[in-house]
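Remarks on the structure that follows.
Taken together, the values in this text are just the output of simple stated rules run on the coordinates, not laboratory data. Every value quoted in this text rests on a predicted model; they were computed, and no experiment measured them. Every residue, glycine as well, gets a Cβ built from its backbone with ideal geometry; the counts of neighbours run over all protein chains shown.
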Amino acid sequence: MHEPRSPPTFGYQTQMRLGNTEVRPLGGGIGCLLMIAISVIASIILTVVFNVIL
């Protein structure tokens with residue numbers, strides 16, 4: 001048996017399914033911006049550390 005599909009949603013989608021696993025974002029917009037900021041800062045730090053080692 002197949003699961004019934006949910007109706008199409010407009011705007012922001014709050015859930016995503018991967019197989020039988022449901023994935024929901026944590027933190028909303030603030031969490032998203034925080035992860036982007038952490039990623040950029042970590043990239044800069046790792047680039048500087050890598051260049052100092054070489």
For this session: Evaluate the distance, in nm, between pseudo-label points positioned 7 Å from the Cα of I41 and of V23 along their respective Cα→Cβ axes.
Result: 2.5 nm
Seminar exercise, completed: Contour minus Cα-Cα span, L33 to F50, at 0.36 nm per residue, comes to 3.6 nm
